1. For segment B:50-75, name all the residues that are in contact with a Lys or Arg (Cβ under 8 Å, 6 or more places away or on another chain), outside any loop (DSSP other than H, G, I, E, B) and of a type in the set (A, V, I, L, M, F, W, C).
2. Among helices (runs of 4 or more DSSP H) lying entirely in segment B:76-182, which contain 1 or more residues that are at pLDDT 95 or above?
3. Collect the residues in segment B:32-89 that are touching a Gly at 6+ places or on another chain (Cβ under 9 Å) and closer than 19 Å to B:ALA18 by Cβ, keeping them in residue-number order.
4. Select, from B:ARG119, B:ARG129, B:ARG99, the only residue that is within 9 Å of chain A (Cβ to nearest Cβ), among the basic types (Lys, Arg) and under 23 Å from A:ALA167 (Cβ atoms).
5. Which residue, of B:GLU64, B:GLU127, is under 18 Å from B:LEU180 (Cα atoms), without any contact (Cβ under 8 Å) to a residue 24 or more places away in the chain and not small (Gly, Ala, Ser)?
6. Which condition breaks for A:PRO144 when tested against (1) surrounded by fewer than 18 Cβ atoms within 10 Å (Cβ to Cβ); (2) within 12 Å of chain B (Cβ to nearest Cβ); (3) touching a Phe, Trp or Tyr at 6+ places or on another chain (Cβ under 6 Å)?
7. Residue pairs, Cβ under 9 Å, 6 or more apart or interchain, first in segment A:34-45 and free of Cβ contacts under 8 Å to residues at least 24 places away in the same chain and assigned to a helix (DSSP H, G or I), second hydroxyl-bearing (Ser, Thr, Tyr) and crowded, with 18+ Cβ neighbours inside 10 Å. List them.
8. Looking at (1) more than 10 Å from chain B (Cβ to nearest Cβ); (2) surrounded by 15 or more Cβ atoms within 10 Å (Cβ to Cβ); (3) closer than 30 Å to B:ARG118 by Cα, find the lone condition where A:ARG87 falls short.
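The values are calculated or read from the model by the stated rules, or taken from the named source; none is laboratory data. Everything numeric here is computed off the predicted structure, so don't read it as measured data. Glycine also receives a Cβ, built like all others from the backbone with ideal geometry; neighbour counts cover every protein chain displayed.
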Number of protein chains: 2
Amino acid sequence: MDADDPRAVRSRERIVSAARELLRGEGPAAVTFAAVAQRAGVGRATVYRHWATVDALRDEIMDEFTLPFFERPGRPLPQWLHGQLRRLADELTTPAAARMTTSLIQRDAADDGALNSRRDRLFGVLEERLAAVLHQAGSTTTRPAEEVAASLIGPLLYLCLARGRRASDDFIRTLIAEHLPG
Amino acid sequence: MDADDPRAVRSRERIVSAARELLRGEGPAAVTFAAVAQRAGVGRATVYRHWATVDALRDEIMDEFTLPFFERPGRPLPQWLHGQLRRLADELTTPAAARMTTSLIQRDAADDGALNSRRDRLFGVLEERLAAVLHQAGSTTTRPAEEVAASLIGPLLYLCLARGRRASDDFIRTLIAEHLPG
């Protein structure tokens with residue numbers, strides 16, 4: 001296939017964007033050739049022509065994907081952080097985000113190196129962003145970035161993901177208060 | 001089948017105990033008629049004679065199962081609590097406990113009432129035990145039991161389950177210090 005053929009470029013874009021929507025809406029397991037082809041409005045053969053296996057397609061979209069939290073800090077930082085944790089908490093109670101998170105966390109019987117390094121990358125990015133924000137906000141913590149993320153995000157994993165409960169604004173404020181000076 | 005037949009009683013016990021071992025070791029999905037029959041050393045037909053479906057067998061063993069944490073408080077309470085969280089943290093990094101926890105947390109596309117109420121019961125029991133322990137230790141918190149559990153257990157879900165990292169004793173001490181007076 002000629003990668004410069006405009007039709008091929010267009011169908012590739014349509015397929016990638018359909019795969020991204022499935023990934024965000026229903027989690028990695030929903031990204032199948034059949035579902036992607038249907039959503040993109042192309043034949044399955046067209047998907048095959050671009051990616052030999054569904055894993056190659058999944059890898060491509062997962063490798064560019066980052067969890068959409070703690071990006072581009074706004075001010076004042078405490079309120080912005082509250083808004084970010086509020087949105088994270090609310091998303092974790094939705095079936096789509098819950099499925100995506102559990103499939104990220106999931107451990108296979110066989111050690112899956114690709115899944116492990118993807119999980120490390122996705123959570124690692126969140127941790128770097130959080131550490132940068134807390135540093136900007138004047139935090140002088142010497143705790144490792146993953147422990148800070150654990151104390152801010154972990155309680156929401158329990159309350160919203162595992163228990164399906166809404167996190168109150170008071171609860172989120174308590175989490176933040178333990179990490180921001182003043 | 002005569003429920004009083006000593007051979008039937010014995011085979012039932014062997015099957016239940018094999019199913020419990022599979023549940024604890026590999027999670028609910030590992031409890032299949034074939035695996036249970038093999039581990040119990042009986043034929044599959046024998047398993048069928050006791051339970052019409054594998055779901056009935058799973059339900060029976062899950063309904064008696066509670067998560068083995070925060071039972072029978074020891075003294076001094078802070079050290080005992082540290083030991084409990086230490087063990088929880090370490091187990092969450094093992095593949096078997098990780099699989100069991102994610103399959104508990106997992107949300108199906110279809111709302112699964114039985115799974116939801118089982119999850120509520122299992123986590124609810126943990127929360128009641130934790131609340132009782134903190135009360136005994138002199139905590140006067142007015143926060144709901146699920147929020148207290150979220151702040152103690154949640155960070156370990158993130159660090160040990162999602163990230164596969166070991167929780168340091170210092171990290172566990174910090175978690176406890178936020179909840180115990182003195």
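1. Result: B:ILE61, B:MET62.
2. B:77-92, B:113-136, B:145-156, B:169-177
3. Scanning segment B:32-89 gives a single hit, B:ALA37.
4. The unique qualifying residue is B:ARG119.
5. B:GLU127
6. Failed condition: (3).
7. Qualifying pairs under 9 Å: A:ALA37/A:THR46.
8. (2)
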